[in-house]
């Protein structure tokens, strides 16, 4: 995306050996205090993509002067298997807490947003995973898988189980042969009381990650007492939604959780444009 004139970029900052991140900052912040930060985790089926992706909903928030953003590269499955990707995301949170204040970032107000594979990683940061909660304030999970064990059964039309599938490459082998690791890499299995607020957005015609994955995750979070919102995008596919209402829901959610405004986050279904 073209960088708005009101946003400046500090790029290719090292946050762990061999990995970099970009920091997006407004030229003029709405207030002089440190800004809440949105950590962006890109899509790509764990095997492709980079930190330049997935900023469509985030850049306008930075341009408003009320938020900053960090977008990271993390190790892809061709470089390392799970849990390397989660370890990288956790390291980026450590960088924000340690170095973020030097860039005007508030380490106590970190929201996470991810698409698809990035949504999965965002969810893992939110529920805490095996290392416990990482202290993020809220999570936006767009079209992410929640249960890698169940995914092959939920979508038998696509390969989610062989060693050559995206999930198999992530886990280092066929899902059935890596069942324990697949369970450990499934956000739904780490839900517990005390999780931060979640916004789940999923297309009801998603051909890659069936919406039942998000629906089950929503129910598990709700049962645990989490503040969670589910937005069904009617006629929506695997992300890349064109209805601007999607971005407005994300903005409302971050305003509520990171700016602490009394904003209503609607769960009304959104109709994707034809």
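The values are calculated or read from the model by the stated rules, or taken from the named source; none is laboratory data. Quick caveat, the model's predicted, so the values are computed rather than measured. For neighbour counting, all protein chains shown are included, and Cβ atoms are generated from backbone atoms with ideal geometry for every residue, glycine included.
Annotations
- Unmet requirement for residue 274, which otherwise passes all of (1) at pLDDT below 95; (2) crowded, with 19+ Cβ neighbours inside 10 Å: (2)
- Hey, residue 102 touching a residue at least 40 places away in the same chain (Cβ under 8 Å) and out of contact with any strand residue (DSSP E or B) (no Cβ under 8 Å at 6 or more places or on another chain) or not: no
- Scanning region 183-205 for residues that are part of a loop (DSSP other than H, G, I, E, B) and within 17 Å of the chain's Cα centre (by Cα) yields 185, 186, 191, 195, 196, 197.
- Test: residue in region 76-91 that is touching a strand residue (DSSP E or B) at 6+ places or on another chain (Cβ under 7 Å), touching a residue at least 12 places away in the same chain (Cβ under 8 Å), more than 19 Å from residue 256 (Cβ to Cβ) and surrounded by 20 or more Cβ atoms within 10 Å (Cβ to Cβ): yes
- Residues that are surrounded by fewer than 24 Cβ atoms within 10 Å (Cβ to Cβ) and either outside any helix (DSSP H, G or I) or in contact with a strand residue (DSSP E or B) (Cβ under 9 Å, 6 or more places away or on another chain) (or both), drawn from region 107-137: 107, 108, 109, 128, 132, 133, 134, 135, 136, 137
- Among (1) touching a residue at least 40 places away in the same chain (Cβ under 8 Å); (2) part of a helix (DSSP H, G or I); (3) over 28 Å from residue 79 (Cβ atoms); (4) touching a strand residue (DSSP E or B) at 6+ places or on another chain (Cβ under 8 Å), the one test that residue 217 misses: (3)
- Qualifying positions in region 188-247 - within 14 Å of residue 119 (Cα to Cα) and surrounded by fewer than 16 Cβ atoms within 10 Å (Cβ to Cβ): 240
- Residues located in region 17-31, provided they are over 20 Å from the mean Cα position of the chain (by Cα) and part of a strand (DSSP E or B): 26
- Condition met for residue 177 (buried (at least 19 other Cβ atoms within 10 Å of the Cβ), in a helix (DSSP H, G or I) and at pLDDT 95 or above): no
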